Amino acid sequence: MKSPAEMTVESQARPPRLPVMAGPELEFDLSKEIEQLRTKESRGRVPGRSSVTLVRQRDLRVILVLLKANQRMGEHRAEGRISIQTIAGRICVHLQGRTIDLAAGRLLALQCGQHHDVESLEESAFLLTITWPAESAAGSAPPDFSAREIFPGRNSRFR
């Protein structure tokens, strides 16, 4: 039997457990996830933006994004269909010729490849969900990416 000191040294030597991002069922406390995004030390590329991939499956990604007030994610697009669901705060999604105001509790769905940018009017958290068609998931797989690849240079924790 190992002594408590030996067990402590052994547990400190193990790398931290990575979060589970795929499985038959996943459950998240979004309030806690948002608080972690607010408080964790920055890995810093761009201040004021933070994101974490919650679900990473072959045909589905769910990413929690936290933006400080008055931040803008420049124009981009996704290869799959997306939904943007505001959890806290208020964001504007700018489409070609149209602006959609998404307060907390609002949801927007966009078709594949639709160009848009996102602006936070106050500190805001939203869920970004990206899906790919079944034929894409069964045949050639969608890109294997995380939040870092979706928002290059924008996957920073707050400074």
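One table, with the values for the structure above:
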| quantity | calculated |
| --- | --- |
| Set LEU121, LEU108, LEU64: member being at pLDDT 95 or above, under 15 Å from LEU30 (Cβ atoms) and either buried (at least 19 other Cβ atoms within 10 Å of the Cβ) or not aromatic (Phe, Trp, Tyr) (or both) | LEU64 |
| Verdict on SER11 being over 25 Å from HIS116 (Cα atoms), modelled with pLDDT of 95 or more, of a type in the set (S, T, N, Q) and not in a loop (DSSP other than H, G, I, E, B) | no |
| Filter result for LEU128 (more than 18 Å from SER51 (Cβ to Cβ) and either out of contact with any strand residue (DSSP E or B) (no Cβ under 9 Å at 6 or more places or on another chain) or modelled with pLDDT of 90 or more (or both)) | no |
| Members of the range 90-101 found to be under 22 Å from LYS32 (Cα atoms) and more than 16 Å from the chain's Cα centre (by Cα), listed by number | ARG90 |
| Residue within the range 39-55 that is of a type in the set (Gly, Ala, Ser) and modelled with pLDDT of 95 or more present | no |
| Where a residue in the range 76-93 is more than 13 Å from LEU127 (Cβ to Cβ) and modelled with pLDDT of 95 or more and its partner, wherever it lies, is assigned to a loop (DSSP other than H, G, I, E, B) and acidic (Asp, Glu), with Cβ under 6 Å and at least six apart | ARG90/GLU122 |
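The values are calculated or read from the model by the stated rules, or taken from the named source; none is laboratory data. Owing to the predicted nature of the structure, the values given are computational and were not obtained by experimental measurement. As a convention, Cβ positions derive from the backbone with ideal geometry for all residues, glycine included, and neighbour counts pool all protein chains shown.
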